[in-house]
Structures are given as C-alpha cells and as structure tokens.
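Structure record follows, encoded as structure tokens.
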Amino acid sequence: MTNEKLNFKRTIIIASLIFGMLFGAGNLIFPVHLGQMAGGHWLTASSGFLISGVLIPLMALLAICITRSNGIYDLAKPIGHWYALAFLILIHATLGPLFATPRTATVPYTIGIAPHLSAAHNTMGLLIYSALFFAITYYFAARQNKITSLIGKLLNPAFLLLLFCLFLMAFYRPLGAANATNITTPYLHNAFTNGFLQGYNTMDGLASLAFGITVITAIRAFGLKKPSHVALAAAKSSCFGLAGIALIYLGLTWLGATSLHHYSLAANGGITLAQLAHYYLGTIGDALLATLATITCMTSAMGLVIAFSQDFHRRFPRISYKTFLRFNCLLSFLVANCGLNQIIAWSTPVLMFLYPLAITLIILGITSPLFNNDPLVYRITTGLTLIPAFFDMLNAAPAPLKQLSLIQSLISFAQHYFPFFNNGFGWLSFGICGMLIGFSCHLFQQRSTANRLIERDN
C-alpha cells in the first residue's frame with residue numbers, strides 16, 4: 001500500500017536529511033567570518049547571505065519538484081543535451097572531488113586538529129585525518145539505502161546538541177553587542193550584496209540541484225509514487241530543513257560580530273570558531289569543536305558523494321555506483337591534501353561562473369509552467385547569462401591569472417559596459433533581459449501558431 005502524503009514524523013526525517021546533506025564545511029566557517037567582516041552591519045549582511053545560502057537552495061529543490069526532474073541533467077535538458085551534460089559534470093566536479101567534498105575534510109581538520117599540532121606535523125596529520133575521513137564516508141555512502149536513518153536519526157541530533165552548547169554559552173555570556181563592532185570597508189555601504197556573494201561559498205544552491213534525486217528517492221522509499229505527492233512532500237520537508245539552517249546562520253553570524261570585542265579579524269571563520277570554543281569551554285571547547293566540525297562535515301560529505309555517484313551512474317549506467325563512489329572519495333582525498341586555502345582560492349572563480357547559470361536555471365524551472373517549458377526561453381536566457389558569468393569568473397581569478405594583461409583588458413571592458421559588474425551582479429541585467437526576450441518570443445510563436453490554425457480552419 002502506498003501513502004498519499006508523508007506524516008509529520010517522516011516529513012521531519014526528510015527535512016533532517018536535507019539539513020544534514022546541506023549543512024557542512026562552508027556553512028560553519030563562512031557565516032562566522034561574514035559576521036566579523038560586517039561587524040555592526042551583521043544583520044544586513046546576513047539577510048543577503050540568507051537569500052543566496054537558504055532561499056536559492058529552497059528554490060532549487062522546488063524547481064526540481066515543479067519540473068518533475070530527477071536532477072541537474074533533467075532540469076537543464078531543455079537547453080540541450082550537451083549543455084545539460086556539461087553543466088552536470090561542472091557542478092558535480094565542483095561539489096565533488098575538486099572543491100566542496102575535499103573541503104569537508106580540510107575544514108574540520110583546520111579548525112579542530114591543526115591548532116594542536118606543530119607546522120612540521122600538519123602535513124602528515126592532514127594525510128592521516130583525511131584518509132580516515134573519506135574511508136568512513138565511503139563505508140556509509142556505499143550503503144545508500146540506510147542514508148535516511150543514518151543522517152536523519154543519528155548524526156544530525158548529535159550535531160545540533162553540540163552546536164546548541166556553544167550557542168547557549170555565547171548567549172548567556174556574550175562578548176559584547178554585535179551592533180557596536182567595527183565594520184570593514186566593503187561592508188560599510190554594500191553589506192547586503194557582499195553578504196549575498198558570500199553565500200555562494202556555501203555551494204548550497206548547487207548542492208540542492210544535485211541532492212534533488214537523493215531527496216526524491218528517500219521520499220519514494222516511504223511509499224509515495226505520484227509525482228504531485230512527491231513534489232508536495234519535498235517542498236514541505238525543504239522548508240523545515242532550510243529554516244533550521246537559516247536560524248543557525250543567524251546565530252553564527254552574530255557570534256562572528258560579537259567576537260570582535262575580544263578577538264581581531266581572522267583569516268577565516270574556522271579560526272574564530274576555535275577561539276570562541278576555547279574562550280567559553282576551554283579544552284572541552286576544543287574537543288567540542290573538533291567533534292562538531294567532523295560530524296557535520298561528514299554528513300555533508302556523504303550527501304555529496306552519494307549525489308555524485310547516483311547522477312553519474314544514471315548518465316553512464318555501464319559504470320557501477322560503487323565505482324563512481326570509490327573514484328570520488330579517492331580524488332577528494334588527494335585534493336584535500338592541497339590544503340584549505342588553495343581549495344578556497346581556486347573554487348571562487350568557478351562559483352562566480354556557475355552560480356549565475358544555476359540561479360537563472362532555477363528561476364526558469366519554477367516559472368516553466370508559464371511558458372510550457374519552452375526550450376527557446378531556456379536557451380535565450382542561458383545564452384545571455386553565459387556572457388557576464390564568464391567575465392565574473394575572470395574577475396574572481398587568483399592573482400597570478402588576474403594580473404595577465406589580456407584578463408585585465410577583459411575585466412576593464414566589463415566594468416565599463418556591464419551594469420552592476422563591480423558589485424558581482426553583472427549577470428542580473430543579462431538574465432532578466434534573456435527571460436523577457438525568451439518569453440516574448442514564446443508568446444509570439446504561440447500567437448503565430450494560433451493564427452495559422454484559425455486561417456486553416458477558415
């Protein structure tokens with residue numbers, strides 16, 4: 001017998017699954033660092049961060065439900081087979097072995113283990129830690145039929161309990177008022193837009209596209225079969241799961257802002273988290289943070305490697321799910337040993353390229369019933385968005401590349417002719433124009449077709 005809808009308990013289990021897969025490495029360190037950079041403007045900055053870090057992931061899951069897609073490929077397929085395949089590979093490479101998945105090991109190591117080892121021993125320490133991390137990740141991810149109960153019933157409650165302890169101590173004995181702290185120059189007048197761009201670093205907008213298939217599979221395992229029922233259950237569960245993430249983001253950003261009363265601006269949020277945990281809980285706090293970071297990042301790693309392996313196995317069925325899983329875990333282990341700083345530096349330009357394409361695709365998916373999923377609307381919008389996305393990628397390139405004369409000339413051109421480019425939103429006007437042009441072409445085609453039918457009948 002199949003159920004028509006999920007009961008409240010099962011909705012919470014799926015919500016916890018979504019929470020556990022999305023909340024990982026960047027979700028811990030970037031909100032705290034945002035709070036330190038925004039200082040007294042932490043609330044304005046966090047509102048921008050919540051849009052890109054929470055609202056866009058929610059919209060991504062809704063887009064998959066509305067279009068009844070099984071993942072990134074199906075959602076992007078109206079643009080064309082080759083584009084959909086290339087987009088799938090780029091997103092999974094970013095979320096998988098090149099950036100996000102290695103980061104799930106380097107972040108907990110950097111903030112929980114590295115401070116207690118000498119510089120000479122950190123290379124070997126990271127090697128051993130990341131090997132154990134990805135071995136455990138592979139072991140549980142290979143048993144994907146148990147992923148819902150594993151993440152939803154065991155690891156998430158343990159993580160939330162650990163994080164609650166830190167928040168409780170900070171709220172009971174705050175270091176000072178968050179609104180009375182110094183504001184860095186970029187956040188004096190552009191706190192909202194910079195907060196929005198910082199949300200890219202969580203990669204949750206991209207991850208939600210990849211996790212769609214995992215969420216849908218978990219919902220169907222509870223007996224739901226009709227697409228409309230699956231879509232409704234996914235939407236409800238997503239709202240619960242992402243609301244929890246939003247509350248934690250606000251708490252972490254507030255922590256970062258208050259920390260300025262006692263600590264100076266750090267290089268990243270991981271350092272600040274370690275300082276706060278030690279300040280409030282001493283040695284126990286150090287152990288707490290190491291455990292907290294490892295648990296949350298491992299749940300995220302499991303979601304990432306499972307989504308990667310499921311999607312690629314669907315596209316290339318001759319290669320087994322476990323083969324893709326082993327490849328992902330091994331390559332992620334190798335990249336992780338390049339270090340956190342290198343991973344962040346090289347991921348930023350890629351995110352500046354992919355996020356505009358992902359955001360416009362998500363909006364097109366949600367609004368697709370208005371234009372009957374017409375491929376022409378998808379193609380015109382995406383084609384125009386590709387132009388500023390490419391220039392955004394160049395503008396965010398690491399210094400050695402960005403200083404090349406050719407790249408400097410291209411960036412200068414974009415700064416002069418692309419609206420909002422200097423704020424990181426060069427894609428916005430192009431995307432809006434693309435959607436308007438595409439929708440107008442769709443209406444024109446519809447009207448032309450209707451006129452031809454009338455003439456034929458007459």
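The values are calculated or read from the model by the stated rules, or taken from the named source; none is laboratory data. Computed from a predicted model, the values in this text were never measured in an experiment. Every residue, glycine as well, gets a Cβ built from its backbone with ideal geometry; the counts of neighbours run over all protein chains shown.
Does L85 satisfy the condition of being over 16 Å from D311 (Cα atoms), surrounded by fewer than 23 Cβ atoms within 10 Å (Cβ to Cβ) and not assigned by TED's automatic domain parsing to the domain that holds I362? No; evaluated as a whole, the condition is false for this residue.
Among the residues that make up the stretch 220-228, is at least one of them farther than 30 Å from A45 by Cα, buried (at least 24 other Cβ atoms within 10 Å of the Cβ) and modelled with pLDDT of 85 or more? No, every residue in the stretch 220-228 fails to be farther than 30 Å from A45 by Cα, buried (at least 24 other Cβ atoms within 10 Å of the Cβ) and modelled with pLDDT of 85 or more. Checked against (1) outside the structural domain of N122 (by TED's automatic domain parsing); (2) in a helix (DSSP H, G or I), N373 passes all but a single condition, namely (2). Among residues of the stretch 369-411 being touching a helix residue (DSSP H, G or I) at 6+ places or on another chain (Cβ under 6 Å) and small (G, A, S), the one that is farthest from S52 (Cα to Cα) is A397. When residues in the stretch 219-253 are screened for being under 10 Å from L6 (Cβ atoms) and in a helix (DSSP H, G or I), 8 of them pass. Filtered by the rule that a residue be among the hydroxyl-bearing types (S, T, Y) and touching a residue at least 12 places away in the same chain (Cβ under 8 Å), the stretch 262-292 gives Y263, T272, Y279, Y280, T291.
Which one is surrounded by the fewest Cβ atoms within 10 Å (Cβ to Cβ) among residues in the stretch 358-380 that are under 14 Å from W427 (Cα atoms) and more than 14 Å from the chain's Cα centre (by Cα)? Among them, the one singled out is I363.
Go through the residues of the stretch 432-453 one by one and say whether even a single one is assigned to a helix (DSSP H, G or I), among the small types (G, A, S), in contact with a Phe, Trp or Tyr (Cβ under 7 Å, 6 or more places away or on another chain) and modelled with pLDDT of 95 or more. Checked the stretch 432-453: no residue is assigned to a helix (DSSP H, G or I), among the small types (G, A, S), in contact with a Phe, Trp or Tyr (Cβ under 7 Å, 6 or more places away or on another chain) and modelled with pLDDT of 95 or more. Evaluation of A235 against the conditions (1) surrounded by fewer than 24 Cβ atoms within 10 Å (Cβ to Cβ); (2) within 23 Å of the chain's Cα centre (by Cα); (3) closer than 16 Å to L163 by Cα shows that the sole unmet condition is (3).
Can you spot a residue in the stretch 332-345 that is crowded, with 22+ Cβ neighbours inside 10 Å and either within 18 Å of F430 (Cα to Cα) or out of contact with any helix residue (DSSP H, G or I) (no Cβ under 6 Å at 6 or more places or on another chain) (or both)? Checked the stretch 332-345: no residue is crowded, with 22+ Cβ neighbours inside 10 Å and either within 18 Å of F430 (Cα to Cα) or out of contact with any helix residue (DSSP H, G or I) (no Cβ under 6 Å at 6 or more places or on another chain) (or both). Inspect all residues belonging to the stretch 394-415 and state whether any of them is surrounded by 15 or more Cβ atoms within 10 Å (Cβ to Cβ) and charged (D, E, K, R). Taking every residue of the stretch 394-415 in turn, none turns out to be surrounded by 15 or more Cβ atoms within 10 Å (Cβ to Cβ) and charged (D, E, K, R).
Say we look at the stretch 256-296 and pick out the residues that are more than 26 Å from the chain's Cα centre (by Cα) and among the hydroxyl-bearing types (S, T, Y); which of these is farthest from I29 (Cα to Cα)? For the stretch 256-296, the residue satisfying everything is T283.
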